[in-house]
Amino acid sequence: MEMLQKTLLEVWMVAGQMSPYLLLGFLIAGILSVFISPELVEAHLGKRGLWQVCKAALLGVPLPLCSCGVLPVSASLRQHGASKGATLSFLASTPQTGLDSIMVTHALLGPVVVVFRIVTAFVSGIMSGVLVELSDSKEDVASEKKPDCACCGAHDDSHGKLYTIFHYGFVVLARDIGTAMLVGILLAGVMSALIPPDYFADKLGGGFTSMLIMMVIGIPIYACSAGSVPIAFALMGLGVSPGAALVFLVTGPATNAATITTLWRLLGKRPTLIYLFSIAFCALVAGLLLDVVMTTPAIDTIKQCVHHDGSSLFNNISAVVLFIVLLPGLVRKKSKS
């Protein structure tokens, strides 16, 4: 019973720390959904060339699309004439970040990790797109069938912009990432409660090997960009280096079995291999650089946050609101399946 209470307390602490930023992220994502539509994306990326690759990465970084929701948009880009490079750049950069995950990353891991995460998403998008453009000069512009995806779909703004903002941000998006987010919070709390501080310091503390292990874990599984943050947060509190945690934050959202198989069907074998290489390479380089840049006091601050004993009234209220927002989405999602 004591261990259960400790676990629930840790879960509540993590939720309290991230909930204000995540709720703000939901709001900003809803605003973006009104002003940035798939049609606008297609209009700006419907041509070929390296500039389109750069624009695809720039547009993809802040968009609130999960790794499932980005697939039909990417397929639509391809069908509307976007090059393989632009399509791949958008597909690589979009699921790694989003306004919601940026807010949560800032809350739990700090501004340095936020900057590294954004830059890594942008650079990996550029790298994958450029490599495809250089390796495939003779473009095959045949249309492919758009893959089906139930999440992050088109939304109806017939009720007005304000309704659309709150409906998309706090209903649609909350439903799409709710399961992954709650699982991430639960895992973070369980790890913090059951595993002693610095347990992994001498096992997965840092270095190239620990990052490879995080990459092997992150590539095949589904981890949304926001839901993966509390897991990385807990891992750092247990002694995993910031660089190794960043590798998980990059590879988890950007690569999973569904993305790989869909990409293989959409663009072919070579672009898929280039995509995986670009994500893995950029994740490892960013992880190594982050371990050099991240100072010991900053790491100690994160560890103290993982194992602290209190939470403010504002954080507690925000956590209650967060669970109110996420839990109904799970019920609606299950009723649709």
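Odds and ends about this structure:
- Flag if Leu77 is at pLDDT below 80, in a helix (DSSP H, G or I) and aliphatic (A, V, I, L, M): yes
- Of the residues contained in segment 43-61, one or more are found to be at pLDDT 75 or above and not in a helix (DSSP H, G or I).
- For Leu40, the conditions (1) surrounded by fewer than 17 Cβ atoms within 10 Å (Cβ to Cβ); (2) at pLDDT below 80; (3) closer than 19 Å to Leu108 by Cβ; (4) not polar (S, T, N, Q) are fulfilled apart from (3).
- Of the criteria (1) buried (at least 17 other Cβ atoms within 10 Å of the Cβ); (2) assigned to a loop (DSSP other than H, G, I, E, B); (3) modelled with pLDDT of 60 or more, which one His159 fails: (1)
- Residue tally, condition at pLDDT below 90, in contact with a Ser or Thr (Cβ under 9 Å, 6 or more places away or on another chain) and small (Gly, Ala, Ser), over segment 249-294: 3
- Residues that are at pLDDT below 75, in a helix (DSSP H, G or I) and either over 16 Å from Ile324 (Cβ atoms) or of a type in the set (Gly, Ala, Ser) (or both), drawn from segment 1-37: Val14, Gln17, Tyr21, Gly25, Ile28, Ala29, Leu32, Ser33
- Test: residue in segment 326-336 that is part of a helix (DSSP H, G or I), modelled with pLDDT of 85 or more, on the phi < 0 side of the Ramachandran plot and surrounded by fewer than 18 Cβ atoms within 10 Å (Cβ to Cβ): no
The values are calculated or read from the model by the stated rules, or taken from the named source; none is laboratory data. This is a predicted model, so every value here is computed, not measured. Positions of Cβ are backbone-derived with ideal geometry, glycine not excepted, and every protein chain shown enters the neighbour counts.
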